[in-house]
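Each reported figure results from applying straightforward, stated rules to the coordinates on display, with no laboratory input. Bear in mind that the values here come from a model prediction, so they are computed numbers and not experimental data. So basically every Cβ, Gly included, is an ideal-geometry build from the backbone, and we count neighbours across all protein chains shown.
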Amino acid sequence: MCHKKASLIIIYILLPFLALAQTKNNQTFRLVPLGVFGGIDESNLSAYMLAASGSNNYICLDAGTLHYGIQKAVANKAFTIPADQVLKQYIKGYFISHAHLDHIAGLIINSPEDSSKNIYGLQSTIETIKTHYFTWQSWANFADQGEAPALKKYHYQVLTPGTETAVDNTELKVQAFPLSHSNLTSTAFLVQSNGSYILYLGDTGPDAIEKSNNMQNLWQAVAPLIKAKKLKAILIEVSFPNEQPDKTLFGHLTPHWLMTEMEKLAALTSLEELRGLNIVITHLKPPAGNIIKIKTQLKATNKLQLNLIYPEQGKVINF
């Protein structure tokens, strides 16, 4: 009898540790936000390092802020090597959703200190980088195409929508989907590691305002992954509170429009399958009062019981 009681006590002691081990074993991705806002704060603009769990081979989803964000991540012990080495050694490639400055300024400014790697994007995004940024009038041509002399540090790799691309020097594969962002094409990146997925959306407006089917097409593509419990998280922007008029959204979402799009996704899956899905809210635009409004409005309208996550610069999120 004493042995039986002792065994039960040991089991109860071990249960939390076993649960933690199980949770860690289920983690597939490591996300390090380098910049989480839209707007005017150049020290904290859209950029997210993402790797397979247990790997230091990262891609960078957009690159609005790099140097300061990496320094914050090092200070928060997300990395144990100096910031300059994270830039050169850990980031294996950049996935740029669109070529607006708040999504690419960090890449441009840090290019003299960076190492050789690929820049991935849709054709329209690559063309803008090639003809407007990496030119000798704007900066210097650190790429291997475009205005001479080409310094050949970066290689442009154009993504074909709907085709999964293996990312050089990583364990990841990425598929691109076009999005509508006012008068230009933005991009969603579906990242795969060992059969699990994360979806990152660049700036985008709702289909109803953009007169587009891009969001609907994206939801149709990822709905089977949600049904199969393979989609770990969606990173999606909410730039303005609901008070922002539709005519001045300029290709962005509000809490109302995010939940409208989530309801479209729920119609392709089910309420039960969508409940608890990790939704990482990106590109919140200052001032602080607007950000508070956005969070309050999202909480009040979260009828789907999504797990809303607000990333913090330099703080790791595991999925």
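List the trypsin sites (Lys or Arg not before Pro) within the stretch 229-263 that fall in a DSSP loop (any state other than H, G, I, E or B) and whose Cβ has at most 14 other Cβ atoms within 10 Å. Counting only loop positions with at most 14 other Cβ atoms within 10 Å, the trypsin sites (Lys or Arg not before Pro) in the stretch 229-263 are K229, K230. Distance between the modelled labels on K230 and T296, one decimal in nanometres: 4.2 nm (7 Å Cα→Cβ projection).
Taking Cβ atoms as reference points and 13 Å as the exclusive limit, the residues near S116 contribute a net charge of +1, counting Lys and Arg as +1 and Asp and Glu as -1. Inter-label distance, K315 to N56: 2.5 nm, where each label sits 7 Å from its Cα along the C-beta direction. The local environment of V32, defined by Cβ-Cβ distances under 14 Å, has a net charge of +3 under the rule Lys, Arg +1 and Asp, Glu -1. Taking every DSSP beta bridge that has both ends in the chain, the antiparallel portion is near 50%. Sites listed here are trypsin sites (Lys or Arg not before Pro) in the stretch 153-223 whose DSSP assignment is loop and whose Cβ has at most 14 other Cβ atoms within 10 Å: K211. With a Förster radius of 30 Å applied to the beta-carbon distance between A221 and N183, the computed FRET efficiency rounds to 0.80. Annotation note: trypsin sites (Lys or Arg not before Pro) in the stretch 57-106 located in DSSP loop regions with a Cβ neighbour count of at most 16 within 10 Å are K77. Taking every C-alpha pair closer than 8 Å and separated by at least 6 residues, the mean separation divided by the residue count of the chain gives a relative contact order of 18 percent. Residues within the reach of a label modelled at E147 (point 7 angstrom out along Cα to beta-carbon, backbone nitrogen below 18 Å), restricted to the stretch 104-123, are 105, 107-112. Here the stretch 126-178 and the stretch 298-319 have alpha carbon centers that stand 31 Å from each other.
Projecting the Cα atoms of S46, Q123, F29 onto the charge dipole of the chain (Cβ charges, centred on the Cα centre) puts F29 farthest toward the positive pole. Multiplying the residue separation of Q137 and L308 by 0.36 nm and subtracting their alpha-carbon distance yields 57.3 nm.
Extension gain for the segment S115 to A166, taken as residue separation times 0.36 nm less the Cα-Cα distance, is 16.4 nm to one decimal. Rounded to the nearest 500, the helix-only mean residue ellipticity at 222 nm of the chain stands at -9000 deg cm²/dmol, with each DSSP H run of n ≥ 4 adding -39,500 (n - 2.57). Inter-label distance, S43 to E263: 4.0 nm, where each label sits 7 Å from its Cα along the C-beta direction.
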